[in-house]
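The values are calculated or read from the model by the stated rules, or taken from the named source; none is laboratory data. Predicted, not measured: the structure shown is a model, and the values here were computed from it. Positions of Cβ are backbone-derived with ideal geometry, glycine not excepted, and every protein chain shown enters the neighbour counts. Accessible surface areas use protein heavy atoms only, side chains included; no ligands, DNA or RNA. Shrake-Rupley method; radii C 1.70, N 1.55, O 1.52, S 1.80 Å.
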Amino acid sequence: MQRTRKIPDDAELVVNPVRRSAVLGQLPTIVMFAVTVVIAGFGVVATGTPLGVWGVVGALCLLGLVLEVLGVRSEVALGPALAADDKHVWVRIGGFLTPSSVRLDWAEVNGIALRTWQGRRRATARYLTFDLTRTVADDLAGSLDGTQDRRMRRLATTFGSPIAISERHKDTTLDQAVRRLRDLAPDGVRFSTA
């Protein structure tokens, strides 16, 4: 396992984000924050108190707007989520301002699972998870720190693997990705659905 910044976009299998879908998915929240910032601006002008309630509301909504735009940017502009060839698998593991990924040799992957997560109110999401060899999993767990790695620890608790990608806003379905990964993987890699 090697941490990298960039996933190659010329590998045999590349799963890219769909920009239009990701932007449209967050557009209502972005618009809500933007409208609230404008309304708060009018409130500040009307009351003449920039440090009053309207100023605080405007500042908080402006912060929310910036974070939403950066979140969409991190999802769509930092490169592919997954790539693979007959020697390696690259998986983006996060990154807010700059991408962060891992490159795995096929010998470090025990299995690949397609999982369905059940949330509240019957919400579901599909994830592709990677079961790593004990040595790689221990090395990865030993190097976890910071916000990005908290996400990986949550994934490990939920799915049993710290490395997972979601099907949301991807140009390739996870079913198609699994079929292509089966063709590229050596014989020892197990594939499962949960």
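The relative contact order of the chain, computed from alpha carbon pairs under 8 Å that lie at least 6 residues apart in sequence, is 26 percent. Pairs of Cα atoms in the chain fall into 5 Å distance bins, from 0 up to the last occupied one, in shares of 1, 7, 13, 17, 17, 14, 9, 7, 5, 4, 3, 2, 1, 0, 0 percent.
With only Lys, Arg, Asp and Glu charged, each at its Cβ (+1 for the first two, -1 for the last two), find how big the charge dipole of the chain is about the Cα centre; round to the nearest 20 debye. Each step should come with its number before you reach the end.
Numbers: 25 positive and 19 negative charges, 133 e Å.
Magnitude of the dipole: close to 640 debye.
Which of 65, 42, 128 sits closest to the plus end of the dipole of the chain, meaning its Cα is farthest towards the positive end, when Lys and Arg get +1 and Asp and Glu get -1 on the C-beta? Farthest towards the positive pole: 42.
Near residue 82, the amide H atoms lying under 5 Å from its own belong to 15, 92; only residues 5 or more places off or on other chains count, and H is placed 1.01 Å from N.
A simple spin-label model places the labels of residue 6 and residue 70 2.4 nm from each other, with each point 7 Å out along Cα-to-Cβ. Test of understanding: extend the Cα→C-beta vector of residue 32 to 7 Å, then name every residue of the stretch 59-87 with backbone N under 19 Å from that spot. Under 19 Å, as judged by backbone N against the label point of residue 32, lie 59-73 of the stretch 59-87. If the label point is 7 Å along Cα→Cβ of residue 135, which residues in the stretch 163-189 have backbone nitrogen under 19 Å from it? The answer is 186-189. Where in the stretch 73-98 is the amide nitrogen less than 16 Å from a point lying 7 Å along the Cα-to-Cβ axis of residue 176? Hits in the stretch 73-98 for residue 176 at 16 Å: 80-84. Dipole of the stretch 8-113 (Lys/Arg Cβ +1, Asp/Glu Cβ -1, origin at the Cα centre): which of 14, 88, 106 lies farthest to the positive side? Checked the options; the winner is 14.
Using R₀ = 30 Å, calculate the FRET efficiency as 1/(1 + (r/R₀)^6) where r is the Cβ-Cβ separation of residue 123 and residue 19; round to 0.05.
Calculated transfer efficiency: 0.80.
To the nearest 0.05, how large is the calculated FRET efficiency for residue 85 and residue 59 if R₀ is 35 Å and r is the Cβ-Cβ distance? Walk me through the intermediate numbers first.
Details: r = 48 Å, r/R0 = 1.36.
Between residue 85 and residue 59 the formula returns 0.15.
Per-residue ellipticity at 222 nm, computed for the chain from helices alone with -39500 (n - 2.57) per DSSP H run of at least four residues, works out to -15000 deg cm²/dmol. Accessible area per residue (1.4 Å probe, heavy atoms of protein chains only) ranks 101, 166 as 166, 101, with the largest value leading.
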